[in-house]
Amino acid sequence: METRAYPGKFVLNDELVEAINRTLLTLLEKTDARCVLLAGADGYPIAVQGLTCNMDIRSFSALAAGAFSSTKELAKLAGEQGFCSQFHQGDKHHLYMSSVGDKAILVVVFDNRTTIGMVRMFTLRTASQLEEVLEKTPGPSEEALGEPQLENLSESLRAKIDKIFDEK
Amino acid sequence: MDFKMVIDFARRELVCKIVYYGPTMSGKTTNLTVLHRKAPKETVGRMTSLATYGDRTLFFDFFPMDVGVVNGLRIKLQLYTVPGQPFYVATRRLVLNGVDGVVFVADSDMRRMKDNLESLRDLQENLASYGKSLDTTAIVLQYNKRDLPSAAPVEYMDRLLNVTRNWCSFESVAVAGVGVLPTFKKVLEEVLQRLKWQT
């Protein structure tokens with residue numbers, strides 16, 4: 001039987017998204033943070049929980065991934081493989097970021113209702129749980145693909161882009 | 001390790017990362033600015049430019065675009081530029097993390113041919129750090145600044161930059177919006193063509 005896959009593609013299915021959201025929610029509750037976000041290493045927001053009021057999540061994810069990658073390069077220059085976490089301290093709001101393997105970044109936005117110690121402890125624990133969850137991401141199968149047709153997607157997208165830019 | 005295109009079947013989303021690459025001052029940010037300006041507001045997010053100094057990009061420019069639903073999948077794009085100056089090689093490498101398609105924006109000025117070649121070599125090296133190559137990545141060439149009196153002939157630039165790979169190339173005057181959209185459409189097409197079942 002033919003085995004079909006998109007090698008190397010990162011796939012999220014309902015089960016995984018649910019597991020990720022559950023894990024993020026637990027972290028949010030335990031740390032009393034404002035919000036928690038899981039972003040792909042390429043800057044794509046995967047899941048978010050908590051109060052994100054008016055926060056531009058897509059830009060936030062891209063910048064977090066950029067900052068994290070940048071720090072990784074700094075680590076290399078300092079003779080380290082990478083830094084697994086980083087902390088940014090503000091007046092009222094603070095950021096704690098932790099790598100989730102090499103696939104994603106876990107970001108916690110918190111304020112003075114909680115402490116950096118609590119946030120660090122639970123975030124590192126959650127990051128390793130999420131790493132296990134993401135390890136389970138399946139290679140896309142024909143079955144997983146379901147209805148959406150990748151055939152002719154290129155042509156359909158071209159027509160859509162034409163429409164978007166001509167509509168203006 | 002590389003982190004590739006996200007296909008989110010739970011949300012029926014396909015996310016593609018496109019990076020505009022090329023030597024300094026070749027027009028990468030201009031391409032992004034033109035696309036951002038021409039696209040309807042509801043399809044694009046805020047354009048973020050990081051730490052620009054004069055006309056130079058020091059980290060990256062970025063904006064997200066939501067194309068909408070195509071064949072049952074919501075297509076989302078992330079458009080990035082890299083800083084062109086040779087000094088920022090580490091930054092360019094990190095922006096390439098997870099890239100699906102590259103628009104190589106070459107400067108048509110005859111005096112910039114060496115810079116174009118160096119930037120292409122730099123792209124090759126940086127892709128290699130993610131286990132990718134110029135042959136396995138969706139790449140489209142854009143010969144920008146065709147309005148310059150000192151512009152090199154297209155045939156010459158083809159021989160210099162495109163002799164072995166036969167990438168699609170477009171002439172452009174990005175600052176006037178010319179050639180920006182065809183380049184953008186082509187790179188998306190190239191990315192999606194690589195999304196084929198492999199047996």
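The values are calculated or read from the model by the stated rules, or taken from the named source; none is laboratory data. Predicted, not measured: the structure shown is a model, and the values here were computed from it. Ideal geometry is used to build each Cβ from the backbone, glycine not excepted, and the neighbour counts take in all protein chains shown.
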Residue count, region A:21-56 (criterion: hydrophobic (A, V, I, L, M, F, W, C) and facing another protein chain (nearest Cβ under 9 Å)): 2
Checking residue A:61 against (1) in contact with a Leu (Cβ under 7 Å, 6 or more places away or on another chain); (2) under 21 Å from residue B:47 (Cβ atoms); (3) without any contact (Cβ under 8 Å) to a residue 24 or more places away in the chain, the condition it does not meet: (3)
Hits in region B:148-199 (condition: β-branched (Val, Ile, Thr) and farther than 17 Å from residue B:19 by Cα): B:154, B:163, B:164, B:173, B:175, B:178, B:199
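Yes or no: residue B:91 in contact with a Gly (Cβ under 8 Å, 6 or more places away or on another chain) and within 14 Å of chain A (Cβ to nearest Cβ)? Give the derivation first.
Details: in contact with a Gly (Cβ under 8 Å, 6 or more places away or on another chain): no; within 14 Å of chain A (Cβ to nearest Cβ): yes.
It is false that residue B:91 is in contact with a Gly (Cβ under 8 Å, 6 or more places away or on another chain) and within 14 Å of chain A (Cβ to nearest Cβ).
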Residues of region A:62-73 that turn out to be under 14 Å from the mean Cα position of the chain (by Cα) and either facing another protein chain (nearest Cβ under 9 Å) or of a type in the set (Phe, Trp, Tyr) (or both), as a count: 6
Number of positions in region B:105-133 that are under 13 Å from the mean Cα position of the chain (by Cα) and in a loop (DSSP other than H, G, I, E, B): 0
Count of region B:79-104 residues which are touching a Ser or Thr at 6+ places or on another chain (Cβ under 9 Å) and closer than 18 Å to residue A:104 by Cβ: 6
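Results for (1) in contact with a helix residue (DSSP H, G or I) (Cβ under 7 Å, 6 or more places away or on another chain); (2) surrounded by 14 or more Cβ atoms within 10 Å (Cβ to Cβ); (3) farther than 21 Å from residue A:119 by Cα, shown as yes or no for each residue.
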residue	(1), (2), (3)
A:47	yes, yes, no
A:50	yes, yes, no
A:53	no, no, no
A:73	yes, yes, yes
Of all residues making up region A:74-129, the number that are within 14 Å of another protein chain (Cβ to nearest Cβ) and assigned to a helix (DSSP H, G or I): 4
Subset tally (residues that are among the basic types (Lys, Arg) and buried (at least 20 other Cβ atoms within 10 Å of the Cβ)) for region A:75-102: 0
Unmet requirement for residue B:17, which otherwise passes all of (1) assigned to a strand (DSSP E or B); (2) at pLDDT 90 or above; (3) touching a helix residue (DSSP H, G or I) at 6+ places or on another chain (Cβ under 8 Å): (3)
Residue in region B:54-66 that is at pLDDT 90 or above, assigned to a loop (DSSP other than H, G, I, E, B) and closer than 22 Å to residue B:128 by Cβ present: no
Residue match in region B:175-190 (condition: at pLDDT below 95, facing chain A (nearest Cβ under 10 Å), exposed (fewer than 15 other Cβ atoms within 10 Å of the Cβ) and more than 18 Å from residue B:117 (Cβ to Cβ)): no
Filter result for the condition that a residue is at pLDDT below 70 and in contact with a Ser or Thr (Cβ under 9 Å, 6 or more places away or on another chain), over B:10, B:51: B:51
